[in-house]
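In what follows, a structure is listed as structure tokens, so that the remarks can point back to it.
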Amino acid sequence: MKKAIQEKTVPKCIGETCDGLVKPEIVFFGEQLPGGFFENRSLPSEADLCIVMGTSLSVQPFASLPMMCSDGTPRVLINGEQVGEMGSRADDVLLIQDCDAGVRKLAEACGWLEELESLWARTVRKGQTQPKTKAEKAKKSRDEQLQDEVDKLTKDIDKNLQLTQDQHTWLENHVDNKFASVKDEEADDGPTAPLTSGQATASDAKAEKGEPSGEGLLHVFPWLNNKSSL
């Protein structure tokens with residue numbers, strides 16, 4: 001089987017009288033589930049903990065298994081997105097992140113992280129890079145740690161400078177648009193015509209007699225120019 005997989009060929013039975021195709025012990029999409037699935041659908045109700053990860057929960061009847069857990073049974077979803085009805089119960093825990101990172105986080109909370117890292121080290125294939133553990137990250141020299149801090153501060157400063165530059169650009173555009181609007185309004189209104197000598201004399205005469213001219217209030221009190229009938 002391994003040889004066929006490595007050579008990307010269809011595996012066949014090595015029996016002398018068989019020579020049939022060898023099928024992996026999985027269920028292909030669209031294939032009928034084995035009878036054991038339907039015989040054991042009640043098992044989730046007996047579970048103390050349900051962990052769902054790396055699935056879309058969109059293919060039935062498998063997608064209904066988390067719903068068969070008893071109320072009050074904690075259900076943990078470790079997935080890149082929320083799926084199914086996970087998160088609808090008070091005891092649901094959602095770790096929306098990469099599955100490897102979520103499993104490490106769960107193992108750390110349970111006190112199993114050291115054991116998990118040991119098992120991971122045994123399964124690393126040749127040429128595969130193993131993620132650094134927290135202990136390995138802590139072994140960095142003082143200069144390396146200082147460089148990490150400098151890089152982080154540099155990124156923060158660049159981000160703040162970019163924000164400040166965007167604010168200045170917006171302010172300049174806003175002021176230019178405001179000045180342009182004011183100039184347009186002045187051009188539409190035109191210059192104010194000065195009062196003629198006759199108008200000025202009449203207004204001054206009324207003011208000397210204590211009579212209100214009313215010119216500026218006619219739009220509010222239109223009866224000011226009407227003579228009294230008494």
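For the stretch 21-41, the set of residues classified as more than 30 Å from Pro66 (Cβ to Cβ) and surrounded by 10 or more Cβ atoms within 10 Å (Cβ to Cβ) consists of Val22 only. Residue check: Thr133 meets all listed conditions (1) at pLDDT 75 or above; (2) surrounded by 11 or more Cβ atoms within 10 Å (Cβ to Cβ) but one, namely (1). Six or more apart or on different chains, Cβ atoms under 8 Å: show the pairs whose first residue is in the stretch 137-157 and within 26 Å of Glu117 (Cβ to Cβ) and whose second is in a helix (DSSP H, G or I) and modelled with pLDDT of 75 or more. Partner pairs satisfying both residue conditions: Lys140/Asp148. If the condition is being closer than 21 Å to Val103 by Cα and either of a type in the set (Val, Ile, Thr) or assigned to a loop (DSSP other than H, G, I, E, B) (or both), then the stretch 51-68 contributes Ile51, Val52, Gly54, Thr55, Ser56, Leu57.
Can you confirm whether Val52 is at pLDDT 90 or above, under 29 Å from the mean Cα position of the chain (by Cα) and over 23 Å from Gly30 (Cβ atoms)? Spell out the reasoning first.
Values: at pLDDT 90 or above: yes; under 29 Å from the mean Cα position of the chain (by Cα): yes; over 23 Å from Gly30 (Cβ atoms): no.
In short, no.
The values are calculated or read from the model by the stated rules, or taken from the named source; none is laboratory data. What you see is a predicted model; the values in this text were computed from it and never measured. Methodologically, a virtual Cβ is constructed for each residue, glycine included, from the backbone with ideal geometry; neighbour enumeration extends over all protein chains shown.
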